[in-house]
Amino acid sequence: MLSRHAPAPDAVLRYGEHADAVVDVFLPPCLARPEQPRQLLVLIHGGFWRQEYDRVQMRPLADALRHRSFVVAVPEYRRVGGLGGWPDTGQDVDDALARLPAALDEVAPGHTDPAAPLVLAGHSAGGHLALWAGLRADPHRVRSIVALAPVADLRYAAAVRMGDGAVQDLLGGGPDEYPDRYAEADVVPLLPGRPSVTLIQGTSDKQVTVDMNRALAARIDGAEFRYVECAGVDHFALIDPLSPVFEEVVLPALTNG
């Protein structure tokens with residue numbers, strides 16, 4: 001999945017001054033200005049917030065979604081081992097979301113409505129960032145959030161050293177050492193919140209284990225939160241447009257959320 005070839009983006013936008021402050025943009029195949037604006041979908045990549053994993057891994061999914069008439073934006077962000085770490089990693093997602101609607105209207109006028117709410121999705125660590133940014137945003141700016149196998153409970157993930165201590169690397173240490181950082185980066189107190197959230201988790205996921213998100217979902221009570229568990233599905237199937245779970249679960253969540 002991570003090495004599969006996919007077309008390059010139609011445009012690359014900037015949202016800041018540092019090297020990682022870029023967004024790949026994928027437009028639907030029709031090059032002419034559409035009769036109606038398309039839905040803007042922002043995809044945030046995973047990789048346990050680490051430098052060796054970047055936005056290129058989302059290209060197969062972004063390409064598939066632009067063929068479903070979405071305008072797809074895939075922001076990069078500063079990552080651990082490069083320029084990243086908390087709070088800069090989270091701030092980058094905030095900055096990208098703030099800049100995107102107007103920037104898109106400059107390079108592809110009429111393809112999206114800058115005033116319309118966007119759909120926000122993220123995978124793995126990107127799922128955490130999507131939840132963190134989306135649940136704190138103006139609810140009129142985000143239509144829905146789809147979190148695909150997100151690292152949604154940072155304290156749980158730190159306790160089990162998920163991703164070989166990825167949370168500790170992001171936040172600089174454990175929750176006892178940096179309680180303020182954990183409190184700031186935590187998405188659990190924001191749930192169920194607004195906008196609506198769909199959390200999708202595979203039971204065969206070896207990177208982000210089902211136990212964490214299953215336990216989290218059991219604690220959340222609210223009409224704006226939906227938990228979908230997919231039997232036998234692994235971590236990367238959720239972002240693989242060739243997998244059955246994409247057509248059966250992921251695409252409906254992105255379209256109807």
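General remarks:
- Residues of region 51-89 that are open to solvent by less than 20 Å² (accessible area, probe 1.4 Å), touching a helix residue (DSSP H, G or I) at 6+ places or on another chain (Cβ under 6 Å) and closer than 15 Å to H128 by Cβ: P75, Y77.
- Within region 161-183, the set of residues being surrounded by fewer than 16 Cβ atoms within 10 Å (Cβ to Cβ), of a type in the set (D, E, K, R) and part of a helix (DSSP H, G or I) comprises D164, D180.
- Odd one out for A253, checked against (1) open to solvent by less than 60 Å² (accessible area, probe 1.4 Å); (2) closer than 15 Å to V151 by Cβ; (3) in contact with a Ser or Thr (Cβ under 8 Å, 6 or more places away or on another chain): (2)
- Among residues of region 243-257 that are free of Cβ contacts under 8 Å to residues at least 60 places away in the same chain, those with a beta-carbon under 6 Å from a residue that is in a helix (DSSP H, G or I) at least six positions away or on a different chain give the pairs S243/A237; V245/A237.
- Where D186 falls short, out of the listed (1) open to solvent by less than 70 Å² (accessible area, probe 1.4 Å); (2) without any contact (Cβ under 8 Å) to a residue 12 or more places away in the chain; (3) of a type in the set (D, E): (2)
- Test: residue in region 222-229 that is touching a strand residue (DSSP E or B) at 6+ places or on another chain (Cβ under 8 Å), without any contact (Cβ under 8 Å) to a residue 40 or more places away in the chain, over 26 Å from P139 (Cβ atoms) and open to solvent by less than 70 Å² (accessible area, probe 1.4 Å): no
- Which listed residue is acidic (D, E) and either in a strand (DSSP E or B) or more than 15 Å from I44 (Cβ to Cβ) (or both), from D95, D105: D105
- Residue match in region 39-46 (condition: farther than 19 Å from I145 by Cβ and either in a loop (DSSP other than H, G, I, E, B) or of a type in the set (K, R) (or both)): no
- Considering only residues in region 104-126 that are touching a residue at least 40 places away in the same chain (Cβ under 8 Å) and out of contact with any helix residue (DSSP H, G or I) (no Cβ under 9 Å at 6 or more places or on another chain), the one that is surrounded by the most Cβ atoms within 10 Å (Cβ to Cβ) turns out to be L104.
- Residue selection: P101 satisfies the criterion of being within 23 Å of L135 (Cα to Cα), modelled with pLDDT under 95 and either in contact with a strand residue (DSSP E or B) (Cβ under 8 Å, 6 or more places away or on another chain) or among the basic types (K, R) (or both).
- Filtered residues of region 5-50 (kept if open to solvent by 30 Å² or more (accessible area, probe 1.4 Å) and charged (D, E, K, R)): D10, R14, E17, R33, E35, R38, R50
- Every pair of residues 6+ apart whose Cβ atoms lie under 7 Å, when the first sits in region 147-160 and is at pLDDT 95 or above and assigned to a helix (DSSP H, G or I) while the second is of a type in the set (S, T, N, Q) and open to solvent by 10 Å² or more (accessible area, probe 1.4 Å): A158/Q168
- Residue in region 79-92 that is more than 18 Å from A137 (Cα to Cα), touching a residue at least 40 places away in the same chain (Cβ under 8 Å) and within 15 Å of the chain's Cα centre (by Cα) present: yes
- Per the conditions (1) under 25 Å from A149 (Cβ atoms); (2) in contact (Cβ under 8 Å) with a residue 60 or more places away in the chain; (3) assigned to a helix (DSSP H, G or I); (4) not small (G, A, S), the sole criterion not satisfied by V74 is (3).
- Matching option when the condition is farther than 26 Å from A11 by Cα, modelled with pLDDT under 95, of a type in the set (D, E) and part of a loop (DSSP other than H, G, I, E, B), among D113, D138: D138
The values are calculated or read from the model by the stated rules, or taken from the named source; none is laboratory data. Predicted model only: the values in this text are computed from it and were never measured. With ideal geometry, Cβ positions are generated from the backbone for all residues, glycine too; neighbour counts draw on all protein chains shown. SASA here: full protein model, heavy atoms, side chains in, ligands and nucleic acids out. Shrake-Rupley method; radii C 1.70, N 1.55, O 1.52, S 1.80 Å.
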